[in-house]
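Here is the structure we will look at.
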Amino acid sequence: MRFLRRNAADTDAPATESTDQVADSTRSTGKGRPTPKRREAQGRRSGPVPPPPRTQREAFKRMRGNKVSKEERRAAATERRQRMMAGEDKYLLPRDRGPVKAYIRDLVDSRRNLMGLFMPLAILVFVALLTPSLAVQRYATLATTFMLIAMVIEGIVLGRLVTRKVRAKFPTEPIKGLSIGWYSFIRASQIRKLRVPKPRVKPGDAIK
């Protein structure tokens, strides 16, 4: 009997209508806002604060990436320079960081060292070699030889003294005598006004 059969169009119509309603409801219950662009999403993305730059070159690269102005770069460089000269630990080079190195610098800066004349002596020898007088060159070479021997002896004595005091001050720290001695020698051989960071103590001050 044909009146018991349903038409195929009548059967599929409700399913089609329900599918359209689901799609419409899905579109109506969406985010309600346009999808942000990738650049905007990355700009709003939060994360951990990057560590401070360890070298000046790394700081320049980071500033170039941020595209700051020349005035801002100069101001930032000046501020870092001032903080480094003041001895703030996070602005120092890795070789100068830590309480052990700060204590070594104080020990060296509290002394008047003959090694501080190393650079002026090198300039004097260079000038003497340019003079046409052989006598001046001979006396300059002789004086330089004695000065260098005295500086080497002073450097060895200073290195042992500083190493002994550092080990007594920091008994739990791994102290290498050769490394401490070399660091002390390099610090003492520099002109006091050119030392980085600047000396915190005056010559003659007692360092405990």
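The values are calculated or read from the model by the stated rules, or taken from the named source; none is laboratory data. Since the structure is predicted, the reported quantities are computational estimates derived from the model, not experimental observations. A quick note on method: Cβ atoms are made from the backbone with ideal geometry, for glycine too, and the neighbour counts reach across all protein chains shown. Note: accessible area is taken over every heavy atom of the protein model, side chains too, but ligands, DNA and RNA are not part of it. Shrake-Rupley method; radii C 1.70, N 1.55, O 1.52, S 1.80 Å.
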Here the residues within region 88-120 that are open to solvent by less than 30 Å² (accessible area, probe 1.4 Å) and part of a helix (DSSP H, G or I) are Asp96, Val100, Ala102, Tyr103, Ile104, Arg105, Asp106, Leu107, Val108, Asp109, Met115, Gly116
Of the residues in region 74-87, those that are surrounded by 12 or more Cβ atoms within 10 Å (Cβ to Cβ) and without any contact (Cβ under 8 Å) to a residue 12 or more places away in the chain come to Ala75, Arg81, Arg83
Log entry, pairs with first residue in region 54-69 being more than 15 Å from Leu92 (Cβ to Cβ), second being modelled with pLDDT of 65 or more and not hydroxyl-bearing (Ser, Thr, Tyr), beta carbons closer than 8 Å, six or more apart or on different chains, reads Phe60/Arg73; Arg62/Pro50; Arg62/Pro53; Met63/Glu72; Met63/Arg73; Met63/Ala76; Val68/Ala76
Restricted to region 192-208 and to residues being over 23 Å from the mean Cα position of the chain (by Cα) and of a type in the set (Val, Ile, Thr), the residue surrounded by the most Cβ atoms within 10 Å (Cβ to Cβ) is Val201
Scanning region 122-139 residue by residue, the ones that are open to solvent by 20 Å² or more (accessible area, probe 1.4 Å) and in contact (Cβ under 8 Å) with a residue 12 or more places away in the chain total 2
